[in-house]
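Engineer: Mind having a look at this structure? Questions to follow.
The values are calculated or read from the model by the stated rules, or taken from the named source; none is laboratory data. Values in this document were obtained by computation on a predicted structure and should not be read as measured data. Glycine gets a Cβ as well: all are built from the backbone with ideal geometry, and neighbour counts include every protein chain shown. Areas reflect the complete protein model, heavy atoms only, side chains present, ligands, DNA and RNA absent. Shrake-Rupley method; radii C 1.70, N 1.55, O 1.52, S 1.80 Å.
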Amino acid sequence: MSRLTLIGTGPGDPELLTLKAVRLIAAAEVVAFPQKPGEASLAFEIAGGHVGPGAQLMPTDIPMNVDPEPARLAYRRLADTLVEKVQTGRDVVYLCEGDPLFYGSAIPLLEAVGGRVATSIVPGITSLTAASAEARLPLALRNAILKVLPAPLPDEVLEAELGRGAAALIKLGRHFDRVRALLARLGRAESAVVVEHATQARQRITPLADFAADERPYFSTLLVPARGAHS
Ligand SMILES: C[S@@+](CC[C@H](N)C(=O)[O-])C[C@H]1O[C@@H](n2cnc3c(N)ncnc32)[C@H](O)[C@@H]1O
């Protein structure tokens with residue numbers, strides 16, 4: 001039976017694709033992937049080499065505005081198109097950077113598809129585990145708690161959630177300065193490390209204390225080790 005498969009392509013290094021992802025991408029008749037308008041798709045850059053010769057490519061612009069409505073509309077349109085392709089007998093894959101269901105663009109697509117066609121999900125290596133491996137900073141041991149905190153959350157929430165435990169801050173971009181100031185105020189900045197573009201050729205790993213004051217990278221994860229012994 002034809003189906004839509006949402007495939008995690010991992011954080012960047014093409015060797016971090018799973019064998020299952022490679023097999024399904026090579027067999028797919030339609031290969032869809034999201035991109036920011038005017039920018040190349042990272043998911044396609046990672047996995048495009050495995051696409052079969054006759055496959056139809058479907059790059060789809062997804063607007064990245066603070067207002068989520070245009071993106072929701074784009075996912076709804078894409079879902080309708082992909083459903084139609086599956087219903088007419090084609091196997092469709094949707095490529096998603098990292099893991100599809102870890103803050104991934106596959107989530108709104110899956111919601112928009114609903115139960116209209118059969119769907120499967122192939123997990124991918126997340127940017128979180130890739131950043132930890134590249135920085136050689138363990139995420140959590142024994143009964144330790146690890147929190148993933150999106151940087152757009154307000155300061156009060158970030159401060160309350162941070163506590164003394166380990167955290168990974170994502171989606172930094174224009175929130176970078178605010179988060180840096182918050183960590184400094186809480187005495188958590190000295191041990192924090194910025195991992196940019198983990199596993200990609202442009203990867204950079206920098207202690208937060210040494211990070212240039214005018215940089216605001218979006219594709220970065222800020223790893224904040226636990227304060228004191230938590231294992
Ligand atoms: C919308 S989330 C997507 C996460 C993705 N689905 C995953 O499994 O890693 C985007 C955020 O993930 C983090 N990120 C994604 N790729 C990264 C990479 N290669 N290196 C460091 N952080 C990355 C950044 O914090 C970025 O703002």
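Engineer: For Asp177 and Asp210, FRET efficiency with R0 = 22 Å and r from the beta-carbon atoms, rounded to 0.05?
Structural biologist: On the way: r = 16 Å, r/R0 = 0.71.
Here the calculated transfer efficiency is 0.90.
Engineer: Just the Kirkwood number for region 1-83, please: inverse of mean 1/r across all distinct Cα pairs, in Å, one decimal. Before the final figure, lay out each step's value.
Structural biologist: On the way: mean 1/r = 0.0729 Å⁻¹.
Hydrodynamic radius (Kirkwood, Cα pairs) of region 1-83 is 13.7 Å.
Engineer: May I ask you to give the percent of accessible area on the chain that is carbon plus sulfur, with a probe radius of 1.4 Å? Kindly include the intermediate steps, with their values, before the conclusion.
Structural biologist: Working: 6340 of 11600 Å².
With neighbouring chains kept in place, the figure for the chain is 55 percent.
Engineer: A further question follows. Note down the nm distance, to one decimal, between modelled labels 7 Å out along Cα→Cβ at Ala27 and at Arg136.
Structural biologist: Label at Ala27, label at Arg136, 4.1 nm between them.
Engineer: Please give the Cα centre distance for region 34-77 versus region 78-112, rounded to the nearest Å.
Structural biologist: Centre-to-centre distance over Cα atoms comes out at 10 Å.
Engineer: Based on DSSP, what percent of beta bridges with both residues in region 1-95 are antiparallel, to the nearest 5? Intermediate values should be presented prior to the final figure.
Structural biologist: Working: 0 of 13 bridges.
So the antiparallel bridges amount to about 0 percent of the total.
Engineer: So, one more: How about region 123-231: which trypsin sites (Lys or Arg not before Pro) there lie in a loop by DSSP and see at most 12 other Cβ atoms within 10 Å?
Structural biologist: Numbers: sites: Arg136, Arg142, Lys147, Arg164, Lys171, Arg174, Arg178, Arg180, Arg185, Arg188, Arg202, Arg204, Arg227; in loops: Arg136, Arg142, Arg164, Lys171, Arg188, Arg202, Arg227.
Passing both the DSSP loop test and the Cβ count: Arg136, Arg142, Arg164, Arg202.
Engineer: Let me ask something additional. Regarding region 52-146, what are the three Cα extents along the principal axes, ordered largest first, in Å?
Structural biologist: 49, 35, 25
Engineer: Can you find, among Pro154, Ile125, Phe176, the residue sitting farthest towards the positive end of the charge dipole of the chain, where Lys and Arg contribute +1 and Asp and Glu -1 at Cβ?
Structural biologist: Ile125
Engineer: Further question: Stretch Lys147-Arg77 to full length: gain in nm at 0.36 nm per residue minus the Cα-Cα span?
Structural biologist: On the way: separation 70, 0.36 × 70 = 25.20 nm, distance 3.37 nm.
Here the segment from Lys147 to Arg77 would lengthen by 21.8 nm.
Engineer: Something else about it: May I ask what percent, to the nearest 5, of DSSP beta bridges between residues of the chain are antiparallel? The partial results should precede the final answer.
Structural biologist: Working: 12 of 35 bridges.
Roughly 35 percent of the DSSP beta bridges within the chain come out antiparallel.
Engineer: Let me ask something additional. Please list, by residue number, every one of the GluC sites (Glu not before Pro) in region 85-193 that is coil in DSSP and has at most 11 other beta-carbon atoms within 10 Å.
Structural biologist: On the way: sites: Glu97, Glu111, Glu134, Glu156, Glu159, Glu161, Glu190; in loops: Glu97, Glu190.
Those satisfying the criteria are Glu190.
Engineer: As a test of reading the structure, rank Glu69, Glu45 by solvent-accessible area (1.4 Å probe, protein chains only), most first. Don't skip to the end; give the middle numbers.
Structural biologist: Details: Glu69 80, Glu45 115 Å².
Of Glu69, Glu45, the descending order of accessible area is Glu45, Glu69.
Engineer: Based only on Cα atoms, what mean projected area does the convex hull of the chain have, in nm²?
Structural biologist: On the way: hull surface 54.4 nm².
Value for the chain: 13.6 nm².
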